[in-house]
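The values are calculated or read from the model by the stated rules, or taken from the named source; none is laboratory data. Every value quoted in this text rests on a predicted model; they were computed, and no experiment measured them. Here the Cβ is made from the backbone with ideal geometry for all residues, glycine too, and neighbour counts use every protein chain on show. The accessibility values were calculated without ligands, DNA or RNA, using every heavy atom of the protein model including side chains. Shrake-Rupley method; radii C 1.70, N 1.55, O 1.52, S 1.80 Å.
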Amino acid sequence: MPYATLTDLTERAGETEIRQIADHDRDGLADPAVIAAALEDADNLIDGYIGRRYSLPLSAVPALVRTWAVSIARYVLHRNGAPDHVKADHEAALAALKDVARGLVALPVAVGQ
């Protein structure tokens, strides 16, 4: 199960931004494959940090994980350079993931489950 969806991205960034950064074929619509690749990149990065403490896939996606996935995917989609607020969200997500990996932050799921 993906940690975030196009709807989650759109709710955070707005339709205009998502269309601008994910419409690679310039047809006026966000390209599903581009969105899917960015979300997959986010999922893989998150799994890399949490996989030593939690069994994957997570049985349910905590809101915090969804937020991190959106921040990471949004940053990935800004392939030509992200605005400062998008970079800051990405950096905050990575810092939090490092804290999870170190055991300083716990996800609201059972460890090893």
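In table form, for the structure just shown:
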| quantity | calculated |
| --- | --- |
| Val86 being modelled with pLDDT under 95 and either among the β-branched types (Val, Ile, Thr) or in contact with a strand residue (DSSP E or B) (Cβ under 7 Å, 6 or more places away or on another chain) (or both) | no |
| When residues of the range 39-67 are limited to those that are small (Gly, Ala, Ser) and within 29 Å of Arg19 (Cβ to Cβ), the one surrounded by the fewest Cβ atoms within 10 Å (Cβ to Cβ) | Ala63 |
| Any hit, the range 6-17, residues being open to solvent by less than 60 Å² (accessible area, probe 1.4 Å) and part of a loop (DSSP other than H, G, I, E, B) | yes |
| Residues of the range 33-54 classified as modelled with pLDDT of 95 or more, over 14 Å from Ala93 (Cα atoms) and of a type in the set (Phe, Trp, Tyr), total | 0 |
| Test for Ile21: is it farther than 17 Å from Met1 by Cβ and modelled with pLDDT of 95 or more | yes |
| Tabulated pairs, the range 15-29, first in contact (Cβ under 8 Å) with a residue 12 or more places away in the chain, second of a type in the set (Asp, Glu), C-beta under 7 angstrom, 6+ apart or interchain | Ala22/Asp31 |
| Any hit, the range 68-88, residues being at positive phi and open to solvent by 20 Å² or more (accessible area, probe 1.4 Å) | yes |
| Residue check for Asp41: among the charged types (D, E, K, R) and under 13 Å from the mean Cα position of the chain (by Cα) | yes |
| Sole residue being closer than 21 Å to Glu11 by Cβ, out of contact with any helix residue (DSSP H, G or I) (no Cβ under 6 Å at 6 or more places or on another chain) and surrounded by fewer than 17 Cβ atoms within 10 Å (Cβ to Cβ), chosen from Ala36, Ala96 | Ala36 |
| Exclusive hit being out of contact with any strand residue (DSSP E or B) (no Cβ under 7 Å at 6 or more places or on another chain), over 22 Å from Thr7 (Cβ atoms) and small (Gly, Ala, Ser), set Ser71, Ser59, Ser55 | Ser55 |
